[in-house]
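Reviewing the structure listed below.
The values are calculated or read from the model by the stated rules, or taken from the named source; none is laboratory data. Keep in mind that what you see is a predicted model, and the values were worked out from it rather than measured. Here the Cβ positions follow ideal geometry from the backbone for every residue, glycine too, while neighbour counts run over all protein chains shown.
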Amino acid sequence: MKNTDLSAIYSPSDIRKMDEKQLKDLALAMRKALLEKVSAHGGHVGPNLGMIEAIIALHYVFNTPEDKIVFDVSHQTYPHKMLTGRMQAFTDPAHYDDVTGYTNPQESDYDLFSLGHTSSAVSLASGLAKARDLKGGKENVIAVIGDGSLSGGVAFEGLDYGATLGTNFIVVVNDNDMSIAENHGGIYADLRLLRDTNGTADNNLFRAMGFAYRYVHHGNDISSLINMFRSVKDINYPVVVHINTMKGMGLPVAEADKEKFHFSAPFDLKTGEVYSPNAASETSEGYDDLFANQLLERMKELPELVVISAGTPGVIGFSPARRKEAGSQYVDVGIAEQQAVAMASGLAKGGARPVVALASTFLQRAYDQFSQDIALNHQPATFVVFYGSIFGINDETHLGFFDLGLLSNIPNLLVLTPTCKEEFLAMLRWSEDQRKKPVVIRVPGGAVRSDSKITILEDYSCPSYEIVRKGSRIALIGVGTFLPIMQQAAENLAMKGLDPMVINPREVSTLDTACLDSIKDFDIIITAEDGIIDGGFGQKVASYLGDTDVKVINLGLPKEFLNRYNAVELQRECNLNPDGVADIVMSALK
């Protein structure tokens, strides 16, 4: 290969022909290509820049795909994809969207699992190792997990079992002293001590759990990594290889601000300034800002109020400055949603006022805690769910439209669905003050919407639907984000001589039976929700009205792992736009 021609690399076998000098040149060329792509296209910046050398060394030493590598989270696998037949997706702008941002078995045999959540790689790899042993195989099994992911409970469960395998099982811990933001948790003092003592400290979590232990201080030095991986290749017992890497390596702005450049929209390579197609959106207030600002003000009034994040402070608007302002009234438990929810139960029991803020896609990891520790025990904690919408993240590993069905069917749990800025802030303030029940508030999807005409309640604890447009024969019920769609559909139908009623249910966990009884003699009721139809709000309405003559039509999303969908196109396919709703009404009337 001449002048590190990246287009000549189709598989790891191509780099195994190189000497270490060529591998170092390869790392430079890959870093340059990655920087060009992520700066123009956006994506996970810091995690990938920090893992280039380690991924080159892994594929150089191990005989992949026969030897199996499981990447935790897998947002650090752009270099892995470059070396496993997908180089064009990182060197040719016309092909930037050919691959996902995470491992995906549909793309390559080198990708073993679709992984976008955290902490599960060790458990998955332990299953691969056990399957190998049962079948008499000899391949190496390697789990690659970051220090931030070690805070997740399933990581400890995987380590606990993996140490007992007694056969080849290699865990590579990528330690860059960062999660998405700074690390939180007691294990990180031990990791820091190991880094400071070149891996010789007596306090060693991995040895305590039963693993052999190796340390690489220069985790971005290809020669050191190759030597270490060669020393553990074909090993016949479980071992942890702890590598000390630099997150964002090779991009000064990313090295200086690791939190900002964990993930980024397109940006200027020199200044780090993020490009925005709409300059106004740069200064507009988001729901994350509304949430953080209101909570910071309430903290001044209520010293027992505490906001809990599970390793994603940026999602909920708590920037470094806001975290500093909140002080001890802000708690980050690390990437540990189960801890966040269970801790909230204990805080509520102890008389504090916990507000847990999570991204929709991650809350499912704490389903048992929502059910048992919170709902069964009637603990008055508040949970604010971000990105729970068709307008959230569209990768199949990070979908945010399953939460309504998951949470609304847990007894004792009130799930509120605000439609606008005013309703969101009112529900949030009410929930912070009330001591009756656990409350989930689902942040509206998309841009912040204001509605001065929305009716604000003093108490949201009982079902009370709002009729926002009076009408007859036809009722359009729009949940949360989709209320404006129903309002516009009603206007479209009014132009056709019809007079639809429009209803804001405000919540999806219980039914306002009095309101539903008042419209049971209508011809048509259409529900629209920003979530899947199966097990959702609309089906509850249809079930309640099942013995009446009214025709109930449920609109929502399919129960599928949709991948990289276009939200506008998906709305059109599911009739979740004003024209679609109006067409369904006209068709039903015929």
(request) Taking residue 540 as meeting all but one of (1) closer than 21 Å to residue 487 by Cβ; (2) more than 22 Å from the chain's Cα centre (by Cα), write down the number of the exception. (result) (1)
(message) Residues that are surrounded by 18 or more Cβ atoms within 10 Å (Cβ to Cβ), in the same structural domain as residue 57 (by TED's automatic domain parsing) and of a type in the set (Gly, Ala, Ser), at least 1 per element: which strands (runs of 3 or more DSSP E) completely within the range 138-241 meet that?
(response) 141-146
(message) So for the range 369-385 (the condition being within 15 Å of the chain's Cα centre (by Cα), surrounded by 24 or more Cβ atoms within 10 Å (Cβ to Cβ) and of a type in the set (Ser, Thr, Tyr)), does at least one residue qualify?
(response) no
(request) Could you grab me the full set of residues in the range 444-481 that are buried (at least 19 other Cβ atoms within 10 Å of the Cβ), in a loop (DSSP other than H, G, I, E, B) and in contact with a Gly (Cβ under 7 Å, 6 or more places away or on another chain)? (result) 444, 445
(message) Can you tell me how many residues within the range 316-347 are in contact with a Pro (Cβ under 7 Å, 6 or more places away or on another chain) and either farther than 27 Å from residue 371 by Cα or crowded, with 23+ Cβ neighbours inside 10 Å (or both)?
(response) 3
(request) Select, from 500, 505, the only residue that is buried (at least 18 other Cβ atoms within 10 Å of the Cβ), touching a Phe, Trp or Tyr at 6+ places or on another chain (Cβ under 9 Å) and not hydroxyl-bearing (Ser, Thr, Tyr). (result) 505
(request) Taking the residues in the range 386-415 that are among the small types (Gly, Ala, Ser) and part of a helix (DSSP H, G or I) as candidates, determine which candidate is nearest to residue 437 (Cα to Cα). (result) 408
(message) Condition first: over 30 Å from residue 517 (Cβ atoms) and surrounded by 13 or more Cβ atoms within 10 Å (Cβ to Cβ). Now tell me which residues in the range 559-572 satisfy that.
(response) 562, 563, 565, 567, 570, 571, 572
(message) With within 21 Å of residue 562 (Cβ to Cβ), at pLDDT 95 or above and not β-branched (Val, Ile, Thr) as the only criterion, which of 143, 125, 89, 121 stands out?
(response) 89
(message) Can you find, within the range 528-547, the residue that is surrounded by the fewest Cβ atoms within 10 Å (Cβ to Cβ) among those that are in a loop (DSSP other than H, G, I, E, B) and in contact (Cβ under 8 Å) with a residue 24 or more places away in the chain?
(response) 534
(request) May I ask you to say which residue of 215, 287, 275 is of a type in the set (Ser, Thr, Tyr) and under 26 Å from residue 155 (Cβ atoms)? (result) 215
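Looking only at the range 113-142, count every residue that is within 20 Å of the chain's Cα centre (by Cα) and of a type outside the set (S, T, N, Q) and tell me the total.
7
Does residue 328 qualify as being out of contact with any Cys (no Cβ under 6 Å at 6 or more places or on another chain) and assigned to a loop (DSSP other than H, G, I, E, B)?
Here the answer is no, as residue 328 does not meet what is asked.
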(request) Just need a number here: residues in the range 34-67 that are more than 26 Å from residue 129 (Cβ to Cβ) and over 24 Å from the mean Cα position of the chain (by Cα). (result) 1
